[in-house]
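Novice: First, the structure itself, so that you have it in front of you.
The values are calculated or read from the model by the stated rules, or taken from the named source; none is laboratory data. Bear in mind the structure is a predicted one, so any value in this text is a computation, not a measurement. No Cβ is skipped: glycine too gets one built from the backbone with ideal geometry, and neighbour counts run over all protein chains shown. Ligands, DNA and RNA are excluded from the accessible area calculation, which covers all protein heavy atoms including side chains. Shrake-Rupley method; radii C 1.70, N 1.55, O 1.52, S 1.80 Å.
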Amino acid sequence: MNSITRFFTLYWIIYFPTCIAYNDLPGFQSIDEVMTALLIVYTFYQRRNPDTNEEPWKEYFTFLGILAFYVVYSLFMQVNVAGAVWIEFVQQIRPYSIIFCTWILNPQFTERQKKWMLTSMVITLASWIYLHPETTQRGVEVEFPVLGQLAICTGMAWYLFKEHTQKNKLIATAIVLTGMLAPKYKFMGEVVCFIALLFFLKKQLDFKSPKTTIAVVLLMAVVIAVVWQRFDIYYMSGWSNAALARPMTYKTSLYILWDYFPLGPGMGTFATNGAWVHYSSLYYDYQLNSIWGLDEGGGFICDAFYPTLSQYGIVGVILFCIFWKRRLKAINEIEDMHYYRIALMVFFCLAIEQTADTSWLSGKGMGYCMLLGLCLNANRNNELEDDNESDELNELSPEITTAPEAPNAPII
């Protein structure tokens, strides 16, 4: 276990500055692919390690099998070139593998390792703000998704790794709020969820309860109210505007699901980096090539995650929902409320973030996935700790000896 925690500590420290904060610097553009491959290889190397968690392997192999099937199917369909398929393969294997590999490896950090990890995250966040002075200039309105992702991941890690006190809860919230220096609208919704979960959620949600349904609906209503201006532009009044790239991407994805029922056109064909690098013929087929941002080389081709599901057809959509249904079930079984809150926060972050971003498929989403993988091991680790404490108590307790029987009393 020491080798795993040392590996993962170093992995964590390297990840945040290279894959989120400074991923656009020369030489760092492909480091997220290298980091993903490294974690997968290391996890398979530890396959027989008794300290790892064997439970997720079956589902992980199932995922790899499904992904392999879609690669073959996509190459057979030839809606886009093979290069687009392989770009999509690299992106699709990343988030699921990061979750499963972290879950399998089950690193259990020492307090010193947690300190090093948090220090690297805080320094990365502070240095990014320092190197972008426009975020603190009055009268200058800027939006930086990177800042929000750094802030929310650092805040969640602080809450998870530090001593569970009211002071550290407030520090974690303050760290998250640094993202408000240059917020994207979706980040503002994530801040609402973060505050609600940390300060108002007292027990696990019962999704069969009407009270839980009402509470979730109210939370979503507050989130939409906070981000209403952008929500209205893209998903309400903007829905009927055929010149807006993002709404047209969503609308077209529904047509693709119908036209390519049930398995979709295949990987790298729509709304992904593969379709951007190798411009997909679907953009001509659905007359999207004339829309600004969706033309060849347009910056809105891979701008939202949910439309990418149309590549996999209705079958892919169902499989994606099954995956998250299983994760939500596992999350709701977490007994430790600190891990439970962060796991649920990761889910809400990803659900909100991917309405107008594809970080789930990029290196920027790996931090959320690692946090979720750590949280999914909470019950198992608590049980192991209880067993170890019980064994230690048995070893330390003095042997109980029975007193020798007294000699038979004389019969009078």
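Novice: Checking residue 134 against (1) out of contact with any Phe, Trp or Tyr (no Cβ under 6 Å at 6 or more places or on another chain); (2) more than 26 Å from residue 37 (Cα to Cα); (3) surrounded by 20 or more Cβ atoms within 10 Å (Cβ to Cβ), which test does it fail?
Specialist: (3) is the only condition that residue 134 fails.
Novice: So, residue 280, is that one farther than 19 Å from residue 355 by Cα and open to solvent by less than 70 Å² (accessible area, probe 1.4 Å) or not?
Specialist: When the stated conditions are applied, residue 280 passes them.
Novice: A further question on this structure: Condition check: modelled with pLDDT under 90 and either in a loop (DSSP other than H, G, I, E, B) or surrounded by fewer than 21 Cβ atoms within 10 Å (Cβ to Cβ) (or both). Does residue 213 satisfy that?
Specialist: Yes: the conditions hold for residue 213.
Novice: So which helices (runs of 4 or more DSSP H) stay within the stretch 223-300 end to end and still have 3 or more residues that are modelled with pLDDT under 90?
Specialist: 228-235
Novice: Kindly indicate the residue of the stretch 4-23 that is of a type outside the set (A, V, I, L, M, F, W, C) and over 22 Å from residue 129 (Cα atoms) and also surrounded by the fewest Cβ atoms within 10 Å (Cβ to Cβ) among those meeting that condition.
Specialist: Of the stretch 4-23, the ones of a type outside the set (A, V, I, L, M, F, W, C) are 5-6, 9, 11, 15, 17-18, 22-23.
Next cut, over 22 Å from residue 129 (Cα atoms) only: 5-6, 9, 11.
Working: 5: 17, 6: 14, 9: 19, 11: 19.
Per the criteria, the residue is 6.
Novice: Tell me the helices (runs of 4 or more DSSP H) entirely within the stretch 115-205 that contain at least 3 residues that are under 17 Å from residue 364 (Cβ atoms).
Specialist: Fully inside the stretch 115-205 and qualifying: 145-161, 185-200.
Table: residues versus (1) free of Cβ contacts under 8 Å to residues at least 12 places away in the same chain; (2) among the charged types (D, E, K, R).
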residue: 190; (1), (2): no, yes
residue: 212; (1), (2): yes, no
residue: 226; (1), (2): no, no
residue: 253; (1), (2): no, no
residue: 273; (1), (2): no, no
residue: 276; (1), (2): no, no
residue: 281; (1), (2): no, no
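Novice: So residue 188 clears everything in (1) open to solvent by less than 70 Å² (accessible area, probe 1.4 Å); (2) of a type outside the set (Gly, Ala, Ser); (3) over 19 Å from residue 354 (Cα atoms) except one condition, right? Which one?
Specialist: (3)
Novice: For the stretch 305-327, state whether one or more residues are surrounded by fewer than 21 Cβ atoms within 10 Å (Cβ to Cβ), aliphatic (A, V, I, L, M) and under 15 Å from the mean Cα position of the chain (by Cα).
Specialist: no
Novice: Let me ask something additional. From 187, 194, grab the single residue that is closer than 20 Å to residue 224 by Cβ and at pLDDT 95 or above.
Specialist: 194
Novice: Follow-up question, since we're still on this one. When you go through 28, 44 one by one, which is the residue that is of a type in the set (Phe, Trp, Tyr), on the phi < 0 side of the Ramachandran plot and not in a helix (DSSP H, G or I)?
Specialist: 28
Novice: Determine the pairs where a residue that is under 16 Å from residue 367 (Cα atoms) and open to solvent by 40 Å² or more (accessible area, probe 1.4 Å), located within the stretch 24-38, has a partner that is among the small types (Gly, Ala, Ser) and in a helix (DSSP H, G or I) with Cβ atoms under 9 Å apart, the partner being 6 or more residues away or on another chain.
Specialist: Cβ pairs passing all conditions: 33/363.
Novice: Of 74, 120, which residue is open to solvent by less than 30 Å² (accessible area, probe 1.4 Å), more than 17 Å from the chain's Cα centre (by Cα) and either aliphatic (A, V, I, L, M) or under 30 Å from residue 340 (Cβ atoms) (or both)?
Specialist: Numbers: 74 fails: either aliphatic (A, V, I, L, M) or under 30 Å from residue 340 (Cβ atoms) (or both).
Just a single option satisfies the conditions, and that option is 120.
Novice: Report yes if residue 405 is charged (D, E, K, R), at pLDDT below 90, assigned to a loop (DSSP other than H, G, I, E, B) and surrounded by fewer than 20 Cβ atoms within 10 Å (Cβ to Cβ), otherwise no.
Specialist: It is true that residue 405 is charged (D, E, K, R), at pLDDT below 90, assigned to a loop (DSSP other than H, G, I, E, B) and surrounded by fewer than 20 Cβ atoms within 10 Å (Cβ to Cβ).
Novice: Among the residues in the stretch 100-110, are any free of Cβ contacts under 8 Å to residues at least 40 places away in the same chain and part of a helix (DSSP H, G or I)?
Specialist: No: the stretch 100-110 contains no residue that is free of Cβ contacts under 8 Å to residues at least 40 places away in the same chain and part of a helix (DSSP H, G or I).
Novice: A further question on this structure: On the basis of being out of contact with any Ser or Thr (no Cβ under 9 Å at 6 or more places or on another chain), surrounded by 22 or more Cβ atoms within 10 Å (Cβ to Cβ) and among the hydrophobic types (A, V, I, L, M, F, W, C), does residue 248 make the cut?
Specialist: Numbers: out of contact with any Ser or Thr (no Cβ under 9 Å at 6 or more places or on another chain): yes; surrounded by 22 or more Cβ atoms within 10 Å (Cβ to Cβ): yes; among the hydrophobic types (A, V, I, L, M, F, W, C): yes.
Yes: the conditions hold for residue 248.
Novice: Scan the stretch 227-239 and tell me whether some residue there is open to solvent by 70 Å² or more (accessible area, probe 1.4 Å), closer than 20 Å to residue 351 by Cβ and under 25 Å from the mean Cα position of the chain (by Cα).
Specialist: Within the stretch 227-239 (the criterion being open to solvent by 70 Å² or more (accessible area, probe 1.4 Å), closer than 20 Å to residue 351 by Cβ and under 25 Å from the mean Cα position of the chain (by Cα)), the answer is yes, since at least one residue qualifies.
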